[in-house]
Ligand SMILES: [Ca+2]
């Protein structure tokens with residue numbers, strides 16, 4: 001069981017390193033007609049590519065990224081987001097459950113879902129493998145080791161789950177999806193009125209702008225750390241690494257924990273230092289009350305239950 005963490009991680013790191021080397025070695029595709037003028041790029045990306053080049057990215061780099069095989073446009077990223085937002089705003093609430101679940105059972109089930117015995121063993125292994133950097137985080141940032149490890153348990157089940165998407169593809173797709181027809185199939189079961197449709201398009205533009213900011217940060221992060229941005233695995237909304245940072249957090253808060261000169265959030269030491277740095281920046285300090293700790297953790301994830309779970313798991317490690 002102990003090796004269940006190391007093997008996928010080692011394989012992933014190897015893949016990323018190979019991808020970074022191949023990406024650096026591949027000649028830039030010749031482009032004579034603007035960023036989308038070469039072959040192998042879906043024209044759906046053209047406006048986004050032009051915007052990236054206008055914002056200062058190298059046209060040949062952008063061309064190469066968007067010509068990556070497998071980088072297909074996916075309107076479902078925005079579609080699923082809009083369906084969730086539409087339902088929470090316009091759909092009637094579900095009927096209340098008939099009986100309240102026994103709180104003791106509920107508590108136990110949350111705990112079991114995140115930390116069965118073999119995962120606890122993996123966390124402890126992670127601790128023994130990284131105790132030097134965990135102690136450094138405590139010393140330099142004042143964040144206890146069990147808090148850092150609790151984040152890694154919750155975010156990726158300590159490396160077992162790193163996201164099934166490619167962060168670049170989901171963010172680029174969201175950034176390129178701004179008009180209602182692209183998401184209409186995700187809302188077809190509702191009677192969407194004209195004002196609601198306008199509201200959806202407004203929210204789409206907000207989310208697309210957010211995704212564009214994240215996409216730019218992802219490219220900068222990957223370039224600065226010698227990775228191929230297109231190949232970084234991530235969540236449906238572009239979070240990646242053992243700490244599941246969104247790209248702006250990776251770029252602004254990422255730290256090199258193992259001293260190899262790059263911030264690779266798939267490497268435990270770097271993820272550990274980066275989580276510690278993030279928490280320090282948003283207000284973690286020694287001696288915080290429980291309420292103070294919860295408030296800081298909610299800067300990482302706004303959900304109350306998430307914040308309580310971090311403290312609960314930290315107390316059990
Ligand atoms: Ca590093």
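Since every read-out is calculated from the coordinates, none of them should be taken as a lab result. Nothing here was measured: the structure is a model prediction, and the numbers come from that model. FYI the Cβ positions are ideal-geometry reconstructions off the backbone, even for glycines, and counts take in every protein chain you see.
Take the Cβ atoms of residue 295 and residue 252, set R0 to 22 Å, and the FRET efficiency comes out at 0.60.
Take peptides 131-137, 246-252, 63-69, 190-196 and line them up by average Cβ neighbours within 10 Å, highest first, as a rough protection proxy. Numbers along the way, then the final one.
Details: 131-137: 17.4, 246-252: 21.6, 63-69: 19.6, 190-196: 10.9.
Per-residue Cβ counts within 10 Å, averaged per peptide and sorted highest first, yield 246-252, 63-69, 131-137, 190-196.
Can you work out the FRET efficiency for the pair residue 285 and residue 194, with r the C-beta to C-beta distance and R0 = 41 Å, to the nearest 0.05? Display every interim value, and only then the final one.
On the way: r = 51 Å, r/R0 = 1.24.
So the FRET efficiency works out to roughly 0.20.
Site pair residue 305 and residue 42 shows an inter-label distance of 3.4 nm when each label is modelled 7 Å from Cα along Cα→Cβ. Were the residues from residue 121 through residue 224 laid out at 0.36 nm apart, the gain over their Cα-Cα distance would be 33.6 nm. Here region 61-96 and region 132-164 have alpha carbon centers that stand 29 Å from each other. Peptides 214-224, 298-308 ranked from most to least packed, by the mean per-residue count of other Cβ atoms within 10 Å: 214-224, 298-308. Relative to the current alpha-carbon distance between residue 315 and residue 164, full extension at 0.36 nm per residue lengthens the span by 51.4 nm.
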